[in-house]
Amino acid sequence: MGDFVGTGEQLVTIAAVLLGALTTHVTNHLMERNRMKYQLTTRWDDKKLDAYEGYVDTMRSCIFLAVQLYETKEGLREREQPDAEILAEMKEAGRLRGRAFERVMLLGGDDVVEAAHNLNAAGLQVDWQANGKTAGTLEDWRERNRAVFRSINSFHEAARADLGVSGSVTGEQHPERDLLLPPPRSDS
């Protein structure tokens, strides 16, 4: 009977060791899987952030060039370079904007892609009035600029939500601003 109890105790000990080893293995496997999943998510978030940042940067370049062209054509600023040079820069900036938009299309969530489409449309309105494809008054120009910056803010909101960033760039704490718009002329 003593051998039976000793054998039983040994079997319980062996079973406990096997159970401990199996539990350790499963725990390590789950932790490694979660670590890999986190790394993959972080890697994609980094790529999304780069894409979103690049897109907004190229949009702003396009807008600033359009503002420069419009303001020199309208006599609101001193001419620093011929219109042809600005138009060539606008064309290149537009090409880069298209490439940046494609990265957003590949990486962005649905809301980000929709916000990018809206931003593109608003940006083109600014471009078209600046280069004369669309007629408009100075007030039309100002409203197009306000609309494009509202669209940038909407894009920021969608991108922040997609990346899990808390807070907001719009709302009561962040009023609309007319930083880029020229001051009203006395004759308008």
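Numbers at a glance
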{"read-out": "Considering residues of the stretch 103-116 that are of a type in the set (A, V, I, L, M, F, W, C) and surrounded by 15 or more Cβ atoms within 10 Å (Cβ to Cβ) only, the residue nearest to SER154 (Cα to Cα)", "value": "ALA115"}
{"read-out": "Hits in the stretch 110-160 (condition: in contact with an Asp or Glu (Cβ under 8 Å, 6 or more places away or on another chain) and farther than 24 Å from ALA84 by Cβ)", "value": "ASP111, VAL112, ALA115, ARG142, ARG146, PHE149, ARG150, ALA158"}
{"read-out": "ILE63 being in contact (Cβ under 8 Å) with a residue 40 or more places away in the chain and either part of a helix (DSSP H, G or I) or more than 29 Å from SER151 (Cβ to Cβ) (or both)", "value": "yes"}
{"read-out": "Test: residue in the stretch 160-168 that is at pLDDT below 95 and of a type in the set (S, T, N, Q)", "value": "yes"}
{"read-out": "Number of positions in the stretch 69-95 that are farther than 30 Å from ALA161 by Cα, part of a helix (DSSP H, G or I) and open to solvent by 20 Å² or more (accessible area, probe 1.4 Å)", "value": "10"}
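Each row is one residue, and each column tells you yes or no for (1) more than 22 Å from the chain's Cα centre (by Cα); (2) open to solvent by 30 Å² or more (accessible area, probe 1.4 Å).
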| site | (1), (2) |
| --- | --- |
| ARG97 | no, no |
| PHE101 | no, no |
| ASN118 | no, yes |
| GLY123 | no, no |
| TRP128 | yes, yes |
| VAL148 | no, no |
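The values are calculated or read from the model by the stated rules, or taken from the named source; none is laboratory data. The model shown is predicted, which means the values in this text are computed figures rather than measured ones. Here the Cβ is made from the backbone with ideal geometry for all residues, glycine too, and neighbour counts use every protein chain on show. Heavy atoms of the whole protein, side chains included, go into the accessibility calculation; ligands, DNA and RNA do not. Shrake-Rupley method; radii C 1.70, N 1.55, O 1.52, S 1.80 Å.
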